[in-house]
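Peer 1: Quick one: structure below, then a few questions.
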Amino acid sequence: MVKHTLLATRIPRRSGAMRKRPKQARSRATIEAILQAAAHILGERGWEGLTTNAVAEVAGVSIGSLYQYFPHKLALVEAVRRRHFDDVLAVLCAAADSQLPRARRIEALVDGMIGVHSRNPAAHRVLLEETPRGKEAGAVHDRFGVILHQRYEAIVRANARGTSTEHTRLAARVLAAAVAGVVHEAASQGTLQSGSLRLELVRLVESYLAARPSLRHEPNHPRGDRTW
């Protein structure tokens, strides 16, 4: 199994984004409707077109109900962003499970990342390019990056045992960048549901992980100090 230290399912939350936390199923359903509406409007209208009134209308809730949880539209956007981050980390956690067969781990990574980015793909572009970030948002993004690379390191270790720590970290960053690049490009081009794209991404991940050399098999570098 993956080490417990890598299994945190969500980015730690700070106070200030949401006014209160939902405790009942009805409240959680309200927040889910609000976040889905916010992501939908972000994708259709962009940052400038997002308003709390529009979100409340699309979500089918009163503006008062929305303000119970989100004090302004930036808090809404940060909640959408955080949920996307949490979904990505959940996919990576599943893909790092060393008890699964290798092929299943790779499929979990590829299918999971395609699935996460297929939800309101236009909203992801807005989140990346248009929405402002406050100090807390920057901290959340930085923390997400740290956990994301830890998860990719776990994926590399599960598929290429014996690789040195330095190589594992570098391989994880290359793999993370490759997967993100393919998925984000496909999202922007509307080709995420292409079976050919999925097949090629599976091949890419398989080939890269299969090429990871064991530390003891690296030619001419018995101490494993090569830096690629």
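The values are calculated or read from the model by the stated rules, or taken from the named source; none is laboratory data. Treat the numbers as computed from the prediction; the structure is a model and nothing was measured. Each accessible area value is taken on the protein alone, full model and side chains, heavy atoms only, with ligands, DNA and RNA left out. Shrake-Rupley method; radii C 1.70, N 1.55, O 1.52, S 1.80 Å.
Peer 1: How large is the convex hull of the Cα atoms of segment 35-155 per residue, expressed in Å³ as a whole number? Can you show the working numbers first?
Peer 2: Working: hull volume 12.9 nm³, N = 121.
So the per-residue hull volume is 107 Å³.
Peer 1: Of D86, D97, D142, which has the most accessible area with a 1.4 Å probe, and how do the rest follow in descending order?
Peer 2: If we order D86, D97, D142 from most to least accessible, we get D142, D97, D86.
Peer 1: Mind listing the long-range amide H neighbours of S98? Cut-off is under 5 Å, sequence gap 5 or more, other chains count too, H placed in the peptide plane at 1.01 Å from N.
Peer 2: It is V2, by chain and number.
Peer 1: How long are the three semi-axes of the equivalent ellipsoid for segment 147-193, computed from the Cα gyration tensor as the root of 5 times each eigenvalue, in whole Å, largest first?
Peer 2: In descending order the semi-axes read 26, 9, 8 Å.
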